[in-house]
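Peer 1: Structure provided below as structure tokens; questions to follow.
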Number of protein chains: 2
Amino acid sequence: MSQHFADRLSIAIRTKGTPTCVGIDPVYDRLPADITAQDGLDDADDIECVVDAVTEYCRHVIKIVAPLVPAVKINIAFFEQYHWDGLEAYHELVQEARSRGLIVIGDVKRADIGHSSAMYARAHLAAPELGEVEELMIPDAITVNPYFGLDGVKPFIDAADKNDKGVFVLVQTSNETAAELQGQELAGGGTVAEHVGRLVNRWAGEPALMGVSGYSAIGAVAAPRDPAAMARLRAMMPNCIFLVPGFGAQGRGGDDVKPCFKPDGTGALVTASRSVIYAYEDTKYLESYASEWEKCVEHACRDFVKSVASVI
Amino acid sequence: MSQHFADRLSIAIRTKGTPTCVGIDPVYDRLPADITAQDGLDDADDIECVVDAVTEYCRHVIKIVAPLVPAVKINIAFFEQYHWDGLEAYHELVQEARSRGLIVIGDVKRADIGHSSAMYARAHLAAPELGEVEELMIPDAITVNPYFGLDGVKPFIDAADKNDKGVFVLVQTSNETAAELQGQELAGGGTVAEHVGRLVNRWAGEPALMGVSGYSAIGAVAAPRDPAAMARLRAMMPNCIFLVPGFGAQGRGGDDVKPCFKPDGTGALVTASRSVIYAYEDTKYLESYASEWEKCVEHACRDFVKSVASVI
């Protein structure tokens, strides 16, 4: 790998013609019957069956969305629930997606004090040195948590810089209670999220981290809440690509994500997870494609791409 | 398991006569030569050797400190750097420590939006349902990050409630740049850390979460910074046990941790990591115990216990 992360991502977005990302959060109980009825994948009480079924399903989803979107985001929590078997599956799926030319964001949301973050950075952003882990099993970028300040994020930034990887620091999240902390007003003005946004933009602005695309290897997770607040964040973080969660199942649509982009249509990567990967549970798709779950996923992904395209 | 976490911890502290915890953050390059020179543990380029060496060393450390302290904190980052082999080793060491009667805190610092945190809670706080993971391989408590507000923490609280486990929510961390975010003054008064402290105390105060010890299953990570600020946190979080990092290698001593305790000497569990587990690198111990690394660790642990005892 030799190209700056933000440049790789920008080119992938231009090539596919869409700034979208499919989030992969698999739950065994929601897998299509076509998967879980298969011999060897059908025993919900057997760890190998369960992990193999989840992996098989995700491989299909990755294959379906690979021609349609530039990136996937794989949430490690859904694999970590299966302990070390799940972690191996996570890395295999990172490899599967990267092998198909997708940009892969490992949604790991790690952070600790510096010398511990350095270990997480080694796990999730470094070229593997030992064992069966191959280069393609490590994602192109990961998500990290800002609660420790720069110390806790710096090892990830350094690893990104060294290995042409990316980091998306949580600034504003998509969940209901996010404002309990992130929405607090500071004595100096602005909210906690805006303060974190300013910090992240400063960290991201180091010349060594900037790509020719004009974006830094350090971006932000920025969920649309109210449009004015998002416009402020967008303005104060000119160097940062926004990874935008909350589309679809979490209730946000095209208009909500519009202010995450710059006027030129760059600067954001919108993620939809459950609304795409579980489209076969949605009557809208079921009616058209009956029991063909892969077609449901494909068309939900196409609809997602269209609804983002309609606002930029 | 049938006893409330805070009660189990309180009893363990009383039984051992000390509110201390040894933090286990192993790095292969710092292991004693007695370990890394052993056949099968001596190849730094072989993942099995490295993980086996780290595991062997940690087993010794756990055995040495088990009679001296009530608890150990195992930092998963140091295992996650070895990917799935490391994760299996982490769980084996949790089992080793719990089998020796220690309270085990899994220092995982996880959090995400609710439905993802539920997966992390399943990984780290639930009775294992599948595979080779045994009940003793799951820690008694874990650390979690508050950046998402209650949504992101609730699945951990629910799992703790259901399974008699504990949760320590990060409030004030021990690293240099913690104040960049945690130290910000809010328009409504107090710092971000104090605001998080108030939130955590409210979450912790649910009657169902309270033990007969008077403490909740939900505690806080609260590092001593300045004594007045710590006294405020201690006063505003009467229901929470403080997990207190930063002792020893990070520069804090007995006087710094005094305000983490209530006047009756309860309410805190002080952690030392590198100053104990790498004591054989310290000339103070080397001079007395020469190359006997286990004696160095044992005496550093005894000294740690003494210096905490001297202030409560």
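The values are calculated or read from the model by the stated rules, or taken from the named source; none is laboratory data. As the structure is a computational prediction, the values presented were derived from the model and not from experiment. All Cβ positions, glycine included, derive from the backbone under ideal geometry; neighbour counts span all protein chains shown.
Peer 1: Of all residues in region B:3-34, which are surrounded by fewer than 19 Cβ atoms within 10 Å (Cβ to Cβ) and under 21 Å from B:ASP85 (Cβ atoms)?
Peer 2: B:VAL27, B:ASP29, B:ARG30
Peer 1: Further question on the same structure: Quick one: how many residues across region A:115-149 are in contact (Cβ under 8 Å) with a residue 24 or more places away in the chain and either of a type in the set (Ser, Thr, Tyr) or within 19 Å of B:VAL171 (Cβ to Cβ) (or both)?
Peer 2: Total satisfying the criteria: 8.
Peer 1: If you don't mind, another one. Considering only region B:73-80, I want to know if a residue exists there that is touching a Pro at 6+ places or on another chain (Cβ under 9 Å), among the aliphatic types (A, V, I, L, M) and more than 25 Å from B:VAL196 (Cα to Cα).
Peer 2: Checked against the condition, which is being touching a Pro at 6+ places or on another chain (Cβ under 9 Å), among the aliphatic types (A, V, I, L, M) and more than 25 Å from B:VAL196 (Cα to Cα), region B:73-80 yields no hits at all.
Peer 1: I've got another one for you. Yes or no: A:ALA228 more than 10 Å from chain B (Cβ to nearest Cβ), modelled with pLDDT under 95 and over 19 Å from the mean Cα position of the chain (by Cα)? Talk me through it step by step, then tell me what you get.
Peer 2: Working: more than 10 Å from chain B (Cβ to nearest Cβ): yes; modelled with pLDDT under 95: yes; over 19 Å from the mean Cα position of the chain (by Cα): yes.
In short, yes.
Peer 1: Could you run through region A:63-92 and say how many residues are over 12 Å from A:ASP25 (Cα atoms) and either touching a helix residue (DSSP H, G or I) at 6+ places or on another chain (Cβ under 6 Å) or β-branched (Val, Ile, Thr) (or both)?
Peer 2: 13
Peer 1: Scan region B:125-174 for residues that are assigned to a helix (DSSP H, G or I), within 8 Å of chain A (Cβ to nearest Cβ) and crowded, with 24+ Cβ neighbours inside 10 Å and jot them down.
Peer 2: B:GLY152
Peer 1: With respect to B:ASN145, determine if the residue is among the polar types (S, T, N, Q) and farther than 20 Å from A:ILE113 by Cα.
Peer 2: Against the criterion (among the polar types (S, T, N, Q) and farther than 20 Å from A:ILE113 by Cα), B:ASN145 does not qualify.
Peer 1: Shifting gears a bit: Looking at region B:203-214, which of the residues that are under 16 Å from B:ILE241 (Cβ atoms) and surrounded by fewer than 17 Cβ atoms within 10 Å (Cβ to Cβ) is farthest from the other protein chains (Cβ to nearest Cβ)?
Peer 2: B:VAL212
Peer 1: Could you list, in sequence order, the residues of region A:177-197 that are among the charged types (D, E, K, R) and surrounded by 15 or more Cβ atoms within 10 Å (Cβ to Cβ)?
Peer 2: The answer is A:GLU180, A:GLU194.
Peer 1: Next question, about the same structure. Given (1) over 30 Å from B:GLU56 (Cα atoms); (2) of a type outside the set (Lys, Arg); (3) in contact (Cβ under 8 Å) with a residue 40 or more places away in the chain; (4) within 14 Å of chain A (Cβ to nearest Cβ), where does B:PRO245 come up short, assuming only one miss?
Peer 2: B:PRO245 satisfies all of (1) over 30 Å from B:GLU56 (Cα atoms); (2) of a type outside the set (Lys, Arg); (3) in contact (Cβ under 8 Å) with a residue 40 or more places away in the chain; (4) within 14 Å of chain A (Cβ to nearest Cβ) except (1).
Peer 1: Out of everything in region A:253-312 that is in a loop (DSSP other than H, G, I, E, B), farther than 21 Å from A:ILE241 by Cβ and of a type in the set (Ser, Thr, Tyr), what residue ends up being farthest from the chain's Cα centre (by Cα)?
Peer 2: Per the criteria, the residue is A:SER291.
Peer 1: For A:VAL200, are the conditions met, namely being assigned to a helix (DSSP H, G or I), more than 10 Å from chain B (Cβ to nearest Cβ) and touching a residue at least 40 places away in the same chain (Cβ under 8 Å)?
Peer 2: Spelling it out, A:VAL200 is indeed assigned to a helix (DSSP H, G or I), more than 10 Å from chain B (Cβ to nearest Cβ) and touching a residue at least 40 places away in the same chain (Cβ under 8 Å).
Peer 1: I want to confirm something. Restricting to region A:44-82 and keeping residues that are within 20 Å of the chain's Cα centre (by Cα) and of a type in the set (Gly, Ala, Ser), which single residue is farthest from the other protein chains (Cβ to nearest Cβ)?
Peer 2: A:ALA66
Peer 1: Something else: Residue by residue through region B:158-202, note down the ones that are farther than 25 Å from B:GLY246 by Cα and not small (Gly, Ala, Ser).
Peer 2: Hits for region B:158-202 are B:ASP158, B:ASP161, B:LYS162, B:ASN163, B:ASP164, B:LEU186, B:ARG202.
Peer 1: How do the strands (runs of 3 or more DSSP E) wholly within region A:1-114 filter down when requiring 1 or more residues that are without any contact (Cβ under 8 Å) to a residue 60 or more places away in the chain: which remain?
Peer 2: Result: A:71-75, A:103-110.
Peer 1: Within region A:110-124, can you find the residues that are more than 7 Å from chain B (Cβ to nearest Cβ) and either surrounded by fewer than 19 Cβ atoms within 10 Å (Cβ to Cβ) or under 17 Å from the mean Cα position of the chain (by Cα) (or both)?
Peer 2: Listed by number, the residues that qualify are A:ARG110, A:ALA121, A:HIS124.
Peer 1: Could you tell me whether any residue of region A:83-98 is more than 10 Å from chain B (Cβ to nearest Cβ), more than 19 Å from the chain's Cα centre (by Cα) and surrounded by fewer than 21 Cβ atoms within 10 Å (Cβ to Cβ)?
Peer 2: Within region A:83-98, none of the residues are more than 10 Å from chain B (Cβ to nearest Cβ), more than 19 Å from the chain's Cα centre (by Cα) and surrounded by fewer than 21 Cβ atoms within 10 Å (Cβ to Cβ).
Peer 1: Condition check: touching a helix residue (DSSP H, G or I) at 6+ places or on another chain (Cβ under 9 Å), basic (Lys, Arg) and in contact (Cβ under 8 Å) with a residue 40 or more places away in the chain. Does B:LYS295 satisfy that?
Peer 2: Values: touching a helix residue (DSSP H, G or I) at 6+ places or on another chain (Cβ under 9 Å): yes; basic (Lys, Arg): yes; in contact (Cβ under 8 Å) with a residue 40 or more places away in the chain: no.
No, not satisfied.
Peer 1: Follow-up question, since we're still on this one. Scan region A:256-292 residue by residue and report those that are without any contact (Cβ under 8 Å) to a residue 24 or more places away in the chain, surrounded by fewer than 24 Cβ atoms within 10 Å (Cβ to Cβ) and under 24 Å from B:SER116 (Cα atoms).
Peer 2: Of everything in region A:256-292, just one residue is without any contact (Cβ under 8 Å) to a residue 24 or more places away in the chain, surrounded by fewer than 24 Cβ atoms within 10 Å (Cβ to Cβ) and under 24 Å from B:SER116 (Cα atoms), namely A:ASP282.
Peer 1: Still on this structure, I have one more. Do you know which residues across region B:253-294 are in contact with a Leu (Cβ under 8 Å, 6 or more places away or on another chain) and of a type in the set (Phe, Trp, Tyr)?
Peer 2: B:TYR280, the sole residue that qualifies.
Peer 1: Continuing with the same structure: Quick one: A:THR177 ticks every box in (1) in contact with a helix residue (DSSP H, G or I) (Cβ under 8 Å, 6 or more places away or on another chain); (2) touching a residue at least 12 places away in the same chain (Cβ under 8 Å); (3) facing chain B (nearest Cβ under 10 Å) except a single one, so which number is it?
Peer 2: (2)
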